[in-house]
Each structure stands twice: as C-alpha cells, then as structure tokens.
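Input: a single structure, listed below in structure tokens.
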Number of protein chains: 2
Amino acid sequence: MNRIASGVAFSANFRSSLTRIAGDGCLLTDPADCWPYGYDNSRRHALPQAVVFATDEARIAALVRLCAEAGVALIARGRGTGTTGATVPDRGGIVLSFERMDRILRLVPADRLAVVQPGVLNATLQQALEPLGFFWPPDPTSAATCTIGGNLAYNSAGPRAVKYGTPRDNTLGLRAVDGCGESFRTGVLTTKGVVGYDLTRLVIGSEGTLALITEATLKLTPLPEARRTLRATYADIHAAAAAVSAIMAQPVTPCALEFMDAAAIATVRHFTEIDLPEGAGALLMIEVDGPRACIDAALNAVTAAAQVAGLLELRRADSAAEVAALWKARKSLSPTLRHIAPKKINEDVVVPVSRMGEFIEGLERLSHETGIRIVNFGHAGNGNIHVNLLIDPDDAGEVERARDCLDAMFSLVLRLGGTLSGEHGVGLEKRDFVGREIDPVALRLMSEIKRGFDPAGILNPGKGLPPVASNAQDESMG
Amino acid sequence: MNRIASGVAFSANFRSSLTRIAGDGCLLTDPADCWPYGYDNSRRHALPQAVVFATDEARIAALVRLCAEAGVALIARGRGTGTTGATVPDRGGIVLSFERMDRILRLVPADRLAVVQPGVLNATLQQALEPLGFFWPPDPTSAATCTIGGNLAYNSAGPRAVKYGTPRDNTLGLRAVDGCGESFRTGVLTTKGVVGYDLTRLVIGSEGTLALITEATLKLTPLPEARRTLRATYADIHAAAAAVSAIMAQPVTPCALEFMDAAAIATVRHFTEIDLPEGAGALLMIEVDGPRACIDAALNAVTAAAQVAGLLELRRADSAAEVAALWKARKSLSPTLRHIAPKKINEDVVVPVSRMGEFIEGLERLSHETGIRIVNFGHAGNGNIHVNLLIDPDDAGEVERARDCLDAMFSLVLRLGGTLSGEHGVGLEKRDFVGREIDPVALRLMSEIKRGFDPAGILNPGKGLPPVASNAQDESMG
C-alpha cells in the first residue's frame with residue numbers, strides 16, 4: 001500500500017501528467033489561486049498544492065489513477081460550506097473542485113427522478129423542479145450555496161428531514177470513481193431494487209473517502225399544495241419535549257419541528273423586537289404540509305398534540321407575512337449568536353426524542369459547571385440539537401473548559417443513546433471522538449471497506465474515521 | 001483464505017465443539033430432522049449437515065468462529081419463505097435457524113422505534129404495535145409466516161412500499177456477528193446520524209453473506225386513521241401505465257397501487273365470479289390512507305389522477321365487505337395461477353414506471369414468440385412486476401423455451417433501465433444474471449466488502465453475487 005505524501009513537492013513528471021489530465025484552464029497551482037480552496041466553514045485552512053476543476057468522469061478517473069500511483073491525496077470539494085474541515089487538505093495534495101460539473105442532466109417527473117452532476121447547487125435544482133411540481137427534500141440551511149455532491153458526501157439534511165428523510169432516503173443511484181480510478185454505477189432508477197449490496201448508501205455520507213461521485217440519480221417528491229405554520233411556547237424544555245413526543249406519535253408528521261431553548265429565547269429577546277410570552281422556557285416552530293383540502297385537518301391534529309401541560313401560547317400564521325414573523329425568532333438566532341461570539345462552537349448532536357429534556361438539562365448543568373454559555377436550538381423532530389458554545393477564543397482558559405465541556409457533552413449524548421452528528425458529519429472536527437460511538441469491530445469493518453474502495457488511501461485521507469492500527473497508512477504521515 | 005468444505009463429513013472434534021456451542025436441545029444432526037431446514041419457497045432443496053437453533057449472540061459468535069476455522073458453510077434461516085434458494089444449503093454446511101430468537105425486546109412509541117430479535121414474525125410485530133397506534137411498513141405477502149430477520153436479509157417489501165419504503169427505509173440500526181465471529185453494532189436510535197459508513201443498509205439486503213443479524217432497531221410509523229380503496233379498469237396496459245404515472249406525479253401517494261394485466265384479468269374472469277367490465281385490458285387497485293379528516297380529499301385527488309383516456313370503470317369501496325370484494329380479484333390471482341401451473345416461474349423484476357407499458361408489450365411479444373403463457377401483476381407504483389411464466393415442468397421443450405424467455409426478459413428489463421429483483425432478492429435463482437445488471441467494478445467492490453466482513457467465505461457462500469475471479473474461494477468447491 002502506498003503512503004500518502006504529505007505536502008511533498010510534486011515531481012516534474014507528476015506535474016506534466018497533472019497538466020495534461022486536468023485539461024486547459026482546469027488547473028490551479030499558484031498558491032494565491034489555490035488559497036480559497038483550502039478552507040471550509042469550520043475555522044480550519046490548509047493550502048492545497050493544486051486545485052483541479054472536474055469536468056468529466058474520464059478525466060476524474062485518470063486523475064485518481066495518477067494520484068494513486070504517486071501517493072498524492074485527492075480531496076473532493078463542492079462549495080466549501082461544510083463545517084467539519086472535511087474538505088480541508090490538511091496533508092496537502094490536490095483539491096478536486098466539482099463546481100464546474102453543474103449540469104442538471106435529466107428531469108423525469110413521470111419516474112419521480114432527476115439526474116444531476118455533483119456541482120449543481122441545491123437551490124438551483126429546487127428552482128428547476130418547482131415548475132414541474134416536485135422538490136428534492138434535503139434542505140440544509142446553506143441550500144443557496146451548497147452542492148448536491150456535498151449534500152451526498154455528508155448526508156446533509158435540514159428541517160424537512162423529520163418528514164422527508166435525509167439524502168440516503170432520497171437518492172436512487174450514483175455514478176462514481178473509486179480510489180483505483182475505476183468508474184462504477186450503484187443503485188437503480190426505481191424505488192425498489194435488491195440486486196447486490198447497497199453501495200449507494202455506503203458512498204453517501206462517506207465524506208469523499210470511498211469514491212468520487214460524478215453523477216446522482218435523485219428521488220423526487222411532489223410539492224405539497226399547502227403549508228401551515230405554528231409557533232408554540234412552553235414553560236420549560238420538558239413541556240416542549242413532551243409536545244415533540246406527542247406530535248411525533250400521531251399520524252400527521254410535520255414537515256418542520258424546530259426548537260429553541262430558554263437561552264436561545266433570551267438571546268432572541270435581547271437582540272430583536274420579537275413578541276414572545278413572558279416566562280417562555282422553550283419554543284417550537286411547527287409546520288405541516290400536504291394537499292390543500294387536508295391542510296386544516298393536519299394543522300388541527302398537530303395543534304391538539306402540541307397542547308401538553310406547560311403550554312404558554314400557541315400562535316398560528318395565516319398569511320405569508322405572519323409565517324415570516326413566526327420564523328423570524330428562529331432564523332435570527334444563528335446570526336445573532338455569531339454576532340455575540342464570532343468563534344462559537346456549533347455542535348450537531350442527536351438524542352432520541354424522548355431523552356431531549358434530560359439532555360438539555362444536562363447541558364444546563366455543564367454550562368453551570370464550566371461557566372461556558374450554551375445556547376441550543378435545532379431539529380427537534382429528529383432529536384437533532386445544535387448546541388452552541390459561546391466562547392471567547394482569546395481566553396485560553398475558556399477554550400480549554402470548552403474542550404472539557406464538549407467531551408462531557410459527547411459522553412452524555414452517547415449515554416442517552418444518541419449520535420455525535422446528525423447532519424454535519426465528522427471530517428476532522430469529530431474524528432477523534434468516533435471511537436466512542438462506533439465499536440472497534442464496526443470500525444474495523446469500515447476500515448476494510450475503505451481499503452477495498454481505496455487501497456492506496458488517497459481519497460480524503462484521515463477524514464471521517466479515527467486512526468486505527470489496521471488503517472495506519474492513513475495516519476503515518478499525519 | 002479457507003476453502004469451504006462442500007458437504008465433507010465433520011470431524012469428531014468439530015462435532016464435539018458444535019454440540020457444546022449449540023447448547024442443549026439446539027442441535028439437529030439426524031438427516032430426517034434436518035430435512036425440513038433444507039428448502040425455501042423456491043423449488044430447491046439440499047440437506048444441511050446440521051441445524052443449529054440460534055439462542056443468543058455469544059453462542060452465534062462462537063459458532064461462526066468454529067465454522068470459520070473449519071471452513072464450514074453457515075446459512076442463516078428465518079422461516080424459509082424466500083423464493084430464490086438463498087437459504088438452501090446447496091454446498092452442505094450448517095443451517096442456523098433464528099426461529100427461537102423471537103422476542104420483541106422493546107417498544108418505544110415516544111421514539112417511534114422497536115427493538116426485536118430476528119426470529120420475530122412480521123405479523124407478530126404488527127399485532128404488538130397496533131394497540132400502540134403504530135406499524136412497521138414492510139408487508140410481504142408472507143407476513144403471517146416470515147421473520148423480520150428474513151425481511152431484512154432480502155430487503156423484502158410489499159404493496160405498502162410505494163408510500164412507506166422498504167426495510168432499508170425503515171430500519172435504524174442492527175446488532176450483528178461478522179464472518180470472523182465478532183459482534184458489532186450499526187446505525188443509531190434516531191432518524192438522523194452520519195458518523196461512520198452506513199453499515200446498516202449494507203447488511204440489509206445482503207442475504208446473510210456479510211453478517212448474521214442478531215437484533216434490529218426498527219423505525220415505526222403511526223397507523224393511519226383511515227383507508228379508502230378504488231378499483232380502476234382500463235382498455236389496455238398503456239392507459240393503466242399512464243394512470244400510474246399520473247397518480248405518482250401528484251402529491252397524494254397511494255399506500256397501494258397494484259396492477260393486473262389482460263392475461264391476469266382473463267385468468268381471474270375464467271376461474272372466479274368476479275364482476276369486471278367487458279374489454280378490460282388492465283386493472284389497478286388503488287388505496288390511500290391518512291387522517292380521517294383528509295381521506296376523502298386524498299381519494300378525490302387519486303380518483304382525478306386515475307381518469308386518463310382509456311379508463312373503463314372506476315369503482316370505490318365504501319364498506320369493509322366492498323374492499324374485500326375489490327381485492328378479491330387481485331388476491332385470487334396467485335392461488336389461481338398456482339392451480340393452473342403448479343410449477344409456474346414467478347419473476348420479480350422492476351422497470352421505471354414510465355416504461356411499464358413498453359415492458360408489458362415486450363412481454364406479450366415474448367409470449368407470442370416462445371409460446372409461453374405469461375401473466376403479469378404486481379406493485380405498479382414501484383414499477384415492480386411479478387411476471388408469471390405458466391410452464392409445464394414435464395415438457396422439456398417448454399422448460400427450455402422458458403429459460404430463453406427469461407433471458408430475453410432480463411435483457412428487456414435492463415434495456416428499459418430496470419432491475420432484476422425488486423423484493424425477492426438474488427439467492428441462487430438470479431446469481432448468474434447479476435453480472436448483466438451490475439458492472440464489473442461495482443462487483444469487485446462488493447467482493448472486497450464480502451472479503452472484509454467474511455474473510456473465510458463461510459457466510460452463505462455462493463449466494464447473491466456471481467462468481468468472480470477475485471472471489472474464487474466461494475466457487476472453488478461448488
């Protein structure tokens with residue numbers, strides 16, 4: 001097995017092959033040009049040795065073969081909106097940008113599918129689908145600027161996942177290139193298919209470590225005719241958590257079930273002119289969608305479920321302006337927090353819905369013990385909580401206490417039966433914690449899979465999985 | 001890598017270890033006792049050398065280690081309702097029956113999940129869930145007698161898949177034992193989770209070739225309050241196919257969208273007293289479910305979509321008796337065909353919904369060319385067609401023509417962008433055709449995965465994947 005050269009200068013031979021394979025105008029090597037391709041939306045940056053713009057599968061395959069032979073790391077990149085450093089070339093190597101492979105190849109409403117190149121922006125696809133009466137459910141907050149390829153690489157979802165699922169639930173098949181530079185097809189064009197192992201879902205969420213996606217066949221969903229929005233405020237998190245359980249236990253699944261804790265509400269109240277009842281300890285934003293004729297019944301079902309002990313106020317939006325007003329509290333939160341603490345740590349853990357109250361209580365305890373201000377919001381219907389640690393990065397003591405706090409929080413998440421990431425992925429940020437969640441045997445199996453797909457270990461080395469003995473080539477040059 | 005002993009007699013040492021590991025009353029070695037564990041619902045049978053009743057994960061792990069060391073094949077079995085020979089021990093070895101691991105371990109409505117042992121019957125689980133207001137969507141026709149473990153092994157679905165998906169869409173996590181005899185956990189307890197590769201969906205549908213499932217965490221769905229049933233008859237298959245496309249393109253997804261072609265209708269008409277309009281060339285059974293307050297609107301939406309050119313009659317059931325009457329035509333079909341042709345070949349192919357008309361037309365042509373009577377019905381909403389070849393197994397010429405006909409049909413399916421199996425799986429029946437659907441690179445990757453999970457090649461050897469050079473140990477003793 002090759003070792004990955006960590007930032008070792010390219011040989012003249014390698015350079016000339018790279019120039020030929022990349023094609024005219026598709027290669028950057030000047031550090032100033034490469035610089036912006038070295039970051040993502042984490043605070044990490046590393047300068048790639050070169051940037052190649054992917055244009056077609058054959059060139060990608062040739063590039064992979066070249067890198068595999070030379071032991072040069074190859075890091076797939078959409079638009080760099082990830083939050084875990086997964087596309088940061090921390091060991092040097094080549095960043096392969098998919099931004100120019102941005103064509104929608106086929107839209108087939110009759111078969112509820114779309115075939116796209118990986119560089120298509122999520123929002124661009126949605127705009128193309130809307131006139132046909134369809135949408136693709138995954139809706140990360142960054143939809144306007146993130147690519148479908150990135151959504152697939154990190155299995156990124158958003159509020160709609162509570163009803164419509166994540167990319168793994170909304171993708172029928174892929175074309176991809178493995179770490180040997182060989183192209184292959186996974187999956188089917190249909191919603192059923194049981195021939196061979198499920199490589200589609202294996203590649204989705206693998207953070208560019210198994211294969212480079214060159215084309216995706218996406219499962220489409222008809223656009224709902226109508227939507228209704230509610231805002232419910234509760235005395236405390238336990239009341240809100242009970243409401244979430246009650247809402248999820250009845251047959252009308254909301255298309256969004258977002259939550260904010262007391263600290264989040266206090267933040268919003270302090271920085272904006274939003275009308276919230278006194279004593280609000282937790283807030284839920286609830287949306288239902290469906291056929292126009294059913295929408296009021298759906299709203300009534302969810303309204304009934306939301307009425308648990310501790311409900312302070314239930315407010316319904318009847319116009320677009322009222323919907324915008326209701327969402328204002330939720331949407332103002334992230335920018336406001338970024339304003340207070342530009343270097344806030346934004347976590348992405350998940351706990352079973354029934355343990356959410358316990359989890360938030362545990363976080364309040366941790367905040368008290370460590371002195372770190374913690375603000376929580378997120379996708380309550382999935383138990384997916386964005387835990388925000390508002391730290392001052394110049395206060396070394398606080399940074400260290402934040403590290404301890406995160407560590408304790410991960411332990412709490414796992415004790416409650418949760419998972420360390422719901423939609424952001426692992427990348428570099430959580431790599432060292434993965435071994436706490438996934439047992440050694442499963443990690444060994446994952447390493448074997450990695451070895452099968454990428455024997456030279458060149459595809460995004462060192463991301464996603466922790467270093468293990470049997471996968472030591474990934475770490476040896478780290 | 002070990003070679004798999006094909007029916008070679010067990011050594012005295014192996015026998016004594018096997019007796020110890022299996023535990024009291026959990027081992028069969030008398031051929032008369034083992035006989036019934038050698039078949040499934042295909043026409044295949046092979047005598048296992050021993051049958052072990054799985055009781056707990058530790059014993060399963062010990063048994064796998066024993067078999068891996070001795071190179072003895074180990075074949076997981078639920079209740080033998082599969083149709084592809086996947087559980088038939090065609091190379092001898094040990095059948096591991098999960099029928100006694102039949103406990104429902106936990107039902108957690110608040111988290112919409114159930115934890116079960118693999119031997120729980122599908123119907124038993126549904127009965128346990130009903131009082132809690134939930135169900136588990138996969139509903140194979142054999143639900144009364146098939147196990148959850150079997151459903152997972154073959155990713156088996158049924159009519160409800162059109163709305164609610166297959167086991168891969170309805171399972172959160174697994175416990176399993178790999179081919180080295182090591183236990184591991186996959187997945188999460190929540191509907192989101194992106195830590196590590198998706199081993200859950202990889203193991204689901206792998207037909208017992210990667211790992212033995214010892215426990216499953218299933219995603220539950222709230223029971224709909226109401227259901228409505230329609231029967232639509234059309235002049236020909238093209239009209240029915242257009243209706244299917246129209247129904248699937250609007251926002252109310254039916255919970256069943258079953259179809260019968262002209263030959264199926266003729267069969268039903270000939271053998272039963274069912275009232276069907278003259279000239280009916282195709283029939284659809286359409287069901288919608290949902291909240292009581294919405295059900296009529298849902299029915300209206302689907303009714304409108306079903307009204308395409310060529311519609312002869314649209315009949316709605318208003319009572320349970322009428323629903324039963326409407327389903328009678330569809331449900332009488334399989335027994336009737338079995339009565340006409342006890343050895344009928346029941347295929348399970350899938351084509352994109354938009355190609356269904358073309359596919360059925362191609363089958364009519366094939367029937368004409370080969371003289372084989374072909375009757376088609378199935379799950380139209382998924383494009384999943386059960387193609388029935390009514391052959392006389394004593395007519396050697398017909399059997400050979402049927403083989404050619406199947407071959408031509410598989411080519412047609414793949415030309416139309418379909419897949420060879422929607423819910424039955426591959427087993428032995430379709431193993432030799434898999435290479436036509438899955439490209440050599442993807443097959444190599446699947447073999448690498450197999451090798452990583454089961455280096456000794458003892459878990460259900462020779463099933464699911466075709467023999468390939470790099471996986472030759474599976475075939476060398478065949």
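The values are calculated or read from the model by the stated rules, or taken from the named source; none is laboratory data. In this text, all values refer to a predicted model and were calculated from it rather than measured experimentally. Glycine also receives a Cβ, built like all others from the backbone with ideal geometry; neighbour counts cover every protein chain displayed. Calculation scope for accessible area: heavy atoms of the full protein, side chains included, ligands and nucleic acids excluded. Shrake-Rupley method; radii C 1.70, N 1.55, O 1.52, S 1.80 Å.
Here are the numbers:
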read-out	value
Qualifying residue in region B:233-244 (condition: closer than 29 Å to residue A:110 by Cα, open to solvent by 30 Å² or more (accessible area, probe 1.4 Å), without any contact (Cβ under 8 Å) to a residue 60 or more places away in the chain and aliphatic (A, V, I, L, M))	no
Pick from region B:427-443, criterion within 10 Å of another protein chain (Cβ to nearest Cβ) and among the hydrophobic types (A, V, I, L, M, F, W, C), ranking: surrounded by the fewest Cβ atoms within 10 Å (Cβ to Cβ)	B:441
Qualifying position, being open to solvent by less than 10 Å² (accessible area, probe 1.4 Å), of a type in the set (A, V, I, L, M, F, W, C) and under 17 Å from residue A:257 (Cα atoms), among A:380, A:341, A:325	A:380
Subset tally (residues that are in contact with a Gly (Cβ under 9 Å, 6 or more places away or on another chain) and either surrounded by 24 or more Cβ atoms within 10 Å (Cβ to Cβ) or modelled with pLDDT of 95 or more (or both)) for region B:97-112	8
Residue within region A:392-399 that is farther than 25 Å from residue A:330 by Cβ, out of contact with any strand residue (DSSP E or B) (no Cβ under 7 Å at 6 or more places or on another chain) and open to solvent by less than 40 Å² (accessible area, probe 1.4 Å) present	yes
Counted residues, region B:165-198 - those being outside any loop (DSSP other than H, G, I, E, B) and more than 8 Å from every other protein chain (Cβ to nearest Cβ)	9
Residue match in region B:411-425 (condition: under 25 Å from residue B:86 (Cβ atoms), more than 14 Å from chain A (Cβ to nearest Cβ) and modelled with pLDDT of 95 or more)	yes
Cross-chain or 6+ apart pairs with Cβ under 8 Å, region B:336-359 first and within 26 Å of residue B:393 (Cα to Cα) and basic (Lys, Arg), then assigned to a strand (DSSP E or B) and open to solvent by less than 10 Å² (accessible area, probe 1.4 Å)	B:344/B:388; B:344/B:389
Members of region B:408-453 that are of a type in the set (Ser, Thr, Tyr) and closer than 15 Å to residue A:193 by Cα	B:419, B:421
For residue B:14: the one exception among (1) under 26 Å from the mean Cα position of the chain (by Cα); (2) at pLDDT 95 or above	(1)
Top-ranked residue of region A:70-84 - restricted to ones that are under 30 Å from residue A:348 (Cβ atoms) and surrounded by fewer than 24 Cβ atoms within 10 Å (Cβ to Cβ), ranked as modelled with the lowest pLDDT	A:83
Test: residue in region A:192-199 that is among the β-branched types (Val, Ile, Thr), touching a residue at least 40 places away in the same chain (Cβ under 8 Å) and under 30 Å from residue B:438 (Cα atoms)	no
Unmet criterion (only one of (1) more than 7 Å from chain B (Cβ to nearest Cβ); (2) touching a helix residue (DSSP H, G or I) at 6+ places or on another chain (Cβ under 9 Å)) for residue A:449	(1)
Within region A:119-149, tally of residues that are open to solvent by less than 10 Å² (accessible area, probe 1.4 Å), part of a loop (DSSP other than H, G, I, E, B) and over 22 Å from residue B:192 (Cα atoms)	2
Pick from region A:175-188, criterion in contact with a helix residue (DSSP H, G or I) (Cβ under 8 Å, 6 or more places away or on another chain) and closer than 22 Å to residue B:207 by Cβ, ranking: surrounded by the fewest Cβ atoms within 10 Å (Cβ to Cβ)	A:185
Residues of region A:214-249 satisfying the condition of being within 14 Å of chain B (Cβ to nearest Cβ) and in contact with a Pro (Cβ under 6 Å, 6 or more places away or on another chain)	A:221, A:222, A:224, A:225, A:249
Sole residue being modelled with pLDDT under 85 and closer than 17 Å to residue B:269 by Cβ, chosen from B:337, B:333	B:333
Cβ-Cβ under 7 Å pairs, at least 6 apart or on other chains, region A:41-69 side among the charged types (D, E, K, R) and at pLDDT 95 or above, far side assigned to a loop (DSSP other than H, G, I, E, B) and open to solvent by less than 70 Å² (accessible area, probe 1.4 Å)	A:59/A:23; A:65/A:181
Residue check, residue A:65 closer than 24 Å to residue A:215 by Cα, open to solvent by 50 Å² or more (accessible area, probe 1.4 Å) and out of contact with any Lys or Arg (no Cβ under 6 Å at 6 or more places or on another chain)	yes
Out of B:406, B:366, B:389, B:414, sole residue that is buried (at least 24 other Cβ atoms within 10 Å of the Cβ) and more than 23 Å from residue B:276 (Cα to Cα)	B:389
Criterion: within 14 Å of chain B (Cβ to nearest Cβ) and touching a Leu at 6+ places or on another chain (Cβ under 9 Å) - qualifying residue of A:330, A:355	A:355
Candidate set from region A:61-104 (those that are charged (D, E, K, R) and in a strand (DSSP E or B)); member that is nearest to residue A:185 (Cα to Cα)	A:77
Which numbered condition residue B:313 fails, given (1) at pLDDT 85 or above; (2) surrounded by fewer than 20 Cβ atoms within 10 Å (Cβ to Cβ); (3) within 25 Å of residue B:222 (Cβ to Cβ)	(3)
Output for region A:262-278, where each listed residue is open to solvent by less than 10 Å² (accessible area, probe 1.4 Å) and in contact with a helix residue (DSSP H, G or I) (Cβ under 6 Å, 6 or more places away or on another chain)	A:264, A:267, A:268
